[in-house]
Amino acid sequence: MVTKEKLKDYAGKLMFDMDDKGYDRTLEEFETIEKHMALIGQIEGIEEVDPMTFPYVIYHSSLREDESKECLTEEEVLSNAKETKANQVKVPKVVG
């Protein structure tokens, strides 16, 4: 079960915060989702149905096949970097 304390903990781990009204609203939404999931769980034979990944049948695919190609050398990759350190691209720190 999702609680307000858990939501606050998860929000802190994701480095954001809401006011109490936002947490209450999110908690209500989770409760609604849990009720719907409980209803779905009561359907006979639901365990035997394969999970649906997309709700519509697709007759054509626009995705290309994965093909391995020649990779760039380490020197080529690092030549485009603004700053490098120990043969790695150095980027600014983003997490406090």
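The values are calculated or read from the model by the stated rules, or taken from the named source; none is laboratory data. Everything numeric in this text was worked out from a predicted model, so none of it was measured. Here the Cβ positions follow ideal geometry from the backbone for every residue, glycine too, while neighbour counts run over all protein chains shown. Heavy atoms of the whole protein, side chains included, go into the accessibility calculation; ligands, DNA and RNA do not. Shrake-Rupley method; radii C 1.70, N 1.55, O 1.52, S 1.80 Å.
Helix 4-13: angle to the longest alpha-carbon principal axis of the chain, degrees 0 to 90, nearest 10?
That helix lies at roughly 0 degrees to the long axis.
How much of the accessible area of the chain, probe 1.4 Å, is carbon plus sulfur, in whole percent?
56
Count the net charge of all other residues whose Cβ sits under 15 Å from the Cβ of Val89, scoring Lys and Arg as +1 and Asp and Glu as -1. If you can, show how the numbers build up before the last one.
Working: positive: Lys82, Lys85, Lys90, Lys93; negative: Glu74, Glu75, Glu76, Glu83.
Net local charge, Val89 excluded: 0.
Please report how many Lys pairs in the chain have alpha carbons closer than 28 angstrom, counting only residues at least 8 apart along the chain or sitting on separate chains.
20
On the principal axes of its Cα set, how long, how wide and how thick is the chain? Give whole Å, largest value first.
Here the spans come out as 58, 45, 19 Å, largest first.
Given the Cα-Cα distance of Glu44 and Glu76 and 0.36 nm per residue of separation, how much length would full extension add, in nm?
Value of the extension gain: 5.7 nm.
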